[in-house]
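The values are calculated or read from the model by the stated rules, or taken from the named source; none is laboratory data. The structure presented is a predicted model; accordingly, all values stated were derived computationally and were not measured. Reconstructed Cβ throughout: ideal geometry from the backbone, glycine too, with neighbour counts over all protein chains shown. The accessibility values were calculated without ligands, DNA or RNA, using every heavy atom of the protein model including side chains. Shrake-Rupley method; radii C 1.70, N 1.55, O 1.52, S 1.80 Å.
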Amino acid sequence: MMQQFPSAVLEATRDMQSNGSTSASGAATPALDIDSLKAQLTTLQFRPAHIKSCLSAIAAAYARLNSSSSSANDPLVLSLSILSPLEAAIEWLLLHLPEDDLPLRYRPSASSADFITGASVKQGGQNALVKGWLVDKLVKQAGFPRKAVEVVMKDEGRESVALDKLGRKLCGWDISDHMDLGGEDGWQGDETAAEERTIAREEEVMAVEAMLGERFEQISPTEFAVTIGEEGTKDQIILHVLFDEFSPYPSPLYPTSPPTFYLASPSLPAYMRLHLHRQLLSQFRDPDRSDLTSVLESGSGGAVLSMIEYLETNLPEVIANPPDVGEVTKFLIPRTEDVTPTAQAREARRNTKKRGPMKRRIPTAEDEEKVRKRQKEMQSHKGWQSMLAVRKNLPAWAEKDNINAALEKNRVLVVVGETGCGKR
C-alpha cells in the first residue's frame, strides 16, 4: 500500500481541487473545517465509523499543531504542517485501515487474486494441488490469515474439519479436542444415526430454500450459500454452510457442534467477517442462549435459520462500529512463546557466531572482465540510449552524485520522492 500511497493521495486531492474543495499541499496550513473534511472523505467512500475516528485524530493533532507544546516527532502534526487536511486525513486512513477495508480505488490491484498459489502438480501431485486450492479458499473467501490456515492444513485435508478447527482457534478454544469434530476420521455415527442425520439435513436445506427463495444458492452437493444484508447495499455477506460427511451436525452425540460455515463478502473486510464468525460460534455455547443450545442438543436440525437471523440482526451494528482488528485476530496470530527462540536455538546461533562470519569471496580478474563485458553488451543494445535519454530528464538524475556519495558514507540510505521522479 505504501508504494501506492503518493499517487493515491494526489489523485484524491486533484479530484477535490477540481471541485474547488481543498487547498494544495505545501501551502500555509489552512483552517480546519471538520464538516467539509467529513463530506470529502464520505465522497471518497470511506466508512462512516473510520471517518469519525480519523476526524477525531485530525482535530486533536490540529490543536497540538497550533499550540506551544507542538512536537515535531508527532507524525500527524507533521503531516498537517506540510499537507492539506484532506491529504493528512487520507494518509492517516491509509496507514491505519486494513487494505481490504479501504475504498476500492485505494486497494492494491491483484489480477492474480483468484489463482492458486499454494501448490502445483509438479511439486506435490494432485493432493498438494487440492490442498493448495483449499488453503486459498479459506484465506481469500473465508478471510482467515494465511499463516493460521497453513498451520491447520499442515496435517488436515478435510474442508469442514479445517474450518471447525479454525473457528475454535478464532474463539481461543482448544482445537486439539476432537470430540465435537467427530474424531480424527470425521463423524463416526452408526448407519441408523447417519441416515437420520442425512434426512434432517435434507429437510433443513429444503426449509431454508423455501423461506429465502432467491437468496438461497446451492453451490455443490455438500455446500449451499445464503445472502444476508439489505438488497441494494454494498455490505452484504454470504453465509456458506457445509454439510459433508465429516461434519457431525446435526447429532445429539455432538451437542456443541453447529453447522460448519464461513462468511464471504465482495466488500466487507475479513476482520469484520471473522468477528461475526466468532460471535456466532460463541452463541452456540452461551448458557443464556438456550434457544440455540437446545437446537444442537436435540440433533434434529434447524440451526441454520437461527444463524441467519443472528447475522441479519448484528451485521448493521458491526458495520456501524467496526471491531478492533487486533482483538479479532489475537488467537490467530503466533503467540510470543511460538516465535521466541528456544534455548537450543539460541545456543546454535551462538555456536554459529563462534565459527565467525562467512568469508566473502573476492572477485577475480576474470569475474570483473565478465561483468564489464556484460555491461558493454547491455549498453550497445539499441534501446539503451533511448532509455538513458529518458532517465537523464528525470529529477533524480541530477542528484545521482549526491546519492552515490551518501551511499559511500552511510550504511542506510532512504530516498524519498514523488512517483515518477526516477528514484528507483
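Provide a single number: the residues in the stretch 300-311 that are out of contact with any Pro (no Cβ under 8 Å at 6 or more places or on another chain) and open to solvent by less than 10 Å² (accessible area, probe 1.4 Å).
Total meeting the criteria: 2.
I'd like to know if the stretch 307-323 contains one or more residues that are without any contact (Cβ under 8 Å) to a residue 40 or more places away in the chain and acidic (Asp, Glu).
Start the filter on the stretch 307-323 by keeping residues that are without any contact (Cβ under 8 Å) to a residue 40 or more places away in the chain, which leaves 309-310, 313-314, 316-317.
Then drop every residue that is not acidic (Asp, Glu), which leaves 309, 317.
Yes, some residue in the stretch 307-323 is without any contact (Cβ under 8 Å) to a residue 40 or more places away in the chain and acidic (Asp, Glu).
Is one or more of the residues making up the stretch 284-299 closer than 22 Å to residue 200 by Cα, within 29 Å of the chain's Cα centre (by Cα), without any contact (Cβ under 8 Å) to a residue 40 or more places away in the chain and surrounded by 14 or more Cβ atoms within 10 Å (Cβ to Cβ)?
Yes, because at least one residue in the stretch 284-299 is closer than 22 Å to residue 200 by Cα, within 29 Å of the chain's Cα centre (by Cα), without any contact (Cβ under 8 Å) to a residue 40 or more places away in the chain and surrounded by 14 or more Cβ atoms within 10 Å (Cβ to Cβ).
Picking from 373, 353, 382, 330, which residue would you name as being more than 30 Å from residue 95 (Cβ to Cβ), modelled with pLDDT of 80 or more and basic (Lys, Arg)?
373
Does residue 162 meet the test of being part of a loop (DSSP other than H, G, I, E, B), at pLDDT 65 or above and open to solvent by less than 20 Å² (accessible area, probe 1.4 Å)?
No, not satisfied.
Can you give me the number of residues within the stretch 132-158 that are under 19 Å from residue 246 (Cβ atoms), touching a helix residue (DSSP H, G or I) at 6+ places or on another chain (Cβ under 6 Å) and of a type in the set (D, E, K, R)?
1
Restricting attention to the stretch 232-252, does a residue exist that is of a type outside the set (Ser, Thr, Tyr) and without any contact (Cβ under 8 Å) to a residue 12 or more places away in the chain?
Step one: filter the stretch 232-252 for residues of a type outside the set (Ser, Thr, Tyr), giving 232, 234-246, 248, 250, 252.
Then drop every residue that is not without any contact (Cβ under 8 Å) to a residue 12 or more places away in the chain, which leaves 232.
Checking the stretch 232-252: at least one residue is of a type outside the set (Ser, Thr, Tyr) and without any contact (Cβ under 8 Å) to a residue 12 or more places away in the chain.
Could you list, in sequence order, the residues of the stretch 253-269 that are open to solvent by 20 Å² or more (accessible area, probe 1.4 Å) and out of contact with any Asp or Glu (no Cβ under 6 Å at 6 or more places or on another chain)?
If the condition is that a residue be open to solvent by 20 Å² or more (accessible area, probe 1.4 Å) and out of contact with any Asp or Glu (no Cβ under 6 Å at 6 or more places or on another chain), then 253, 265, 266 are the ones that fit.
Among the numbered criteria (1) part of a helix (DSSP H, G or I); (2) at pLDDT 90 or above; (3) open to solvent by less than 30 Å² (accessible area, probe 1.4 Å), which single criterion is violated by residue 46?
(1)
Among the candidates 253, 268, 274, which residue alone is in a loop (DSSP other than H, G, I, E, B) and in contact with a Gly (Cβ under 7 Å, 6 or more places away or on another chain)? Show your work before the answer.
Values: 268 fails: in contact with a Gly (Cβ under 7 Å, 6 or more places away or on another chain); 274 fails: in a loop (DSSP other than H, G, I, E, B).
So the residue among 253, 268, 274 that is in a loop (DSSP other than H, G, I, E, B) and in contact with a Gly (Cβ under 7 Å, 6 or more places away or on another chain) is 253.
Condition check ((1) out of contact with any Leu (no Cβ under 8 Å at 6 or more places or on another chain); (2) among the basic types (Lys, Arg); (3) open to solvent by less than 40 Å² (accessible area, probe 1.4 Å)) across all residues:
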position	(1), (2), (3)
50	no, no, yes
62	no, no, no
76	yes, no, yes
88	no, no, yes
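Restricting the search to the stretch 135-149, which residues are in contact (Cβ under 8 Å) with a residue 24 or more places away in the chain and either open to solvent by 10 Å² or more (accessible area, probe 1.4 Å) or of a type outside the set (A, V, I, L, M, F, W, C) (or both)? Please lay out each step first, then the result.
Step one: filter the stretch 135-149 for residues in contact (Cβ under 8 Å) with a residue 24 or more places away in the chain, giving 138, 140-145, 147-148.
Within the stretch 135-149, 140, 141, 143, 145, 147 qualify.
Would you call residue 81 in contact with a Lys or Arg (Cβ under 6 Å, 6 or more places away or on another chain), modelled with pLDDT under 90 and surrounded by 14 or more Cβ atoms within 10 Å (Cβ to Cβ)?
Numbers: in contact with a Lys or Arg (Cβ under 6 Å, 6 or more places away or on another chain): no; modelled with pLDDT under 90: yes; surrounded by 14 or more Cβ atoms within 10 Å (Cβ to Cβ): yes.
Taking the combined requirement at face value, the residue does not satisfy it.
Here is a list of conditions, (1) touching a Phe, Trp or Tyr at 6+ places or on another chain (Cβ under 7 Å); (2) under 14 Å from residue 308 (Cβ atoms), and residue 201 meets all of them except one; can you say which number that is?
Of (1) touching a Phe, Trp or Tyr at 6+ places or on another chain (Cβ under 7 Å); (2) under 14 Å from residue 308 (Cβ atoms), only one is false for residue 201: (2).
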